[in-house]
Ligand code: NI
């Protein structure tokens with residue numbers, strides 16, 4: 001296993017639509033383990049493949065500390081439907097170290113995906129799992145959480161965003 005480099009705001013790949021995964025097997029499973037290790041190393045609760053430089057529709061999530069109902073998950077080619085409800089809460093992103101912003105997300109979503117072995121997987125996610133899924137799947141479409149924060153908050157984040165773009169880490173909380 002290996003800790004991978006995380007692409008921070010300004011990296012082009014974060015704005016690209018990721019490609020569907022078509023090859024399953026040992027190499028993919030090994031990459032998934034690297035993604036988990038990287039997420040844990042940086043104390044994240046979710047990570048999408050484009051954040052480690054791979055244009056692949058693949059995400060890993062572990063919110064067990066927030067909601068033990070959900071085991072750690074690796075989802076390939078995930079798709080959401082049946083969005084219900086609306087919850088506003090503060091979230092961060094490993095590609096924006098030190099930054100947080102309020103984002104409205106559906107409270108409940110239906111998820112359809114494949115496992116890293118290629119098996120189909122379907123479930124309903126609520127609350128934080130629904131939020132993290134929406135955040136991570138946004139990454140697969142080149143959408144970032146700052147695209148959802150309101151304009152006042154975005155304006156107040158602007159100096160830190162400029163720092164990130166120039167390759168520096170803003171001095172905030174590191175989450
Ligand atoms: Ni993120």
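Brief remarks follow.
- Helix 26-41 axis versus longest C-alpha principal axis of the chain: approximately 40°, rounded to the nearest ten.
- Most to least packed among 24-30, 7-13, 72-78 [average Cβ atoms within 10 Å]: 72-78, 7-13, 24-30
- Measure of compaction for the chain (Cα Rg per 2.2 N^0.38 Å): 0.99
- Axis angle, to the nearest 10 degrees, between helix 151-165 and the longest C-alpha principal axis of the chain: 80 degrees.
- Taking each residue as 0.36 nm, the span from residue 55 to residue 163 lengthens on full extension beyond its C-alpha to C-alpha distance by 36.4 nm.
- Packing-based ranking, highest mean first, of 36-42, 91-97, 136-142, 56-62 given that Cβ atoms within 10 Å are counted: 56-62, 91-97, 136-142, 36-42
- Mean projected area of the convex hull spanned by the Cα atoms of the stretch 1-98, taken over all viewing directions: 7.5 nm².
- Separation of the residue 34 and residue 15 label points, Cα + 7 Å toward Cβ, nm: 2.6 nm
- If the segment from residue 152 to residue 83 were pulled out straight at 0.36 nm per residue, it would be longer than the present Cα-Cα gap by 22.2 nm.
Read the figures in this text as sums done on the coordinates, not as results from a lab. None of these values were measured; they are calculated from a predicted model. Positions of Cβ are generated from backbone atoms using ideal geometry, with glycine treated the same way; all protein chains shown enter the neighbour counts.
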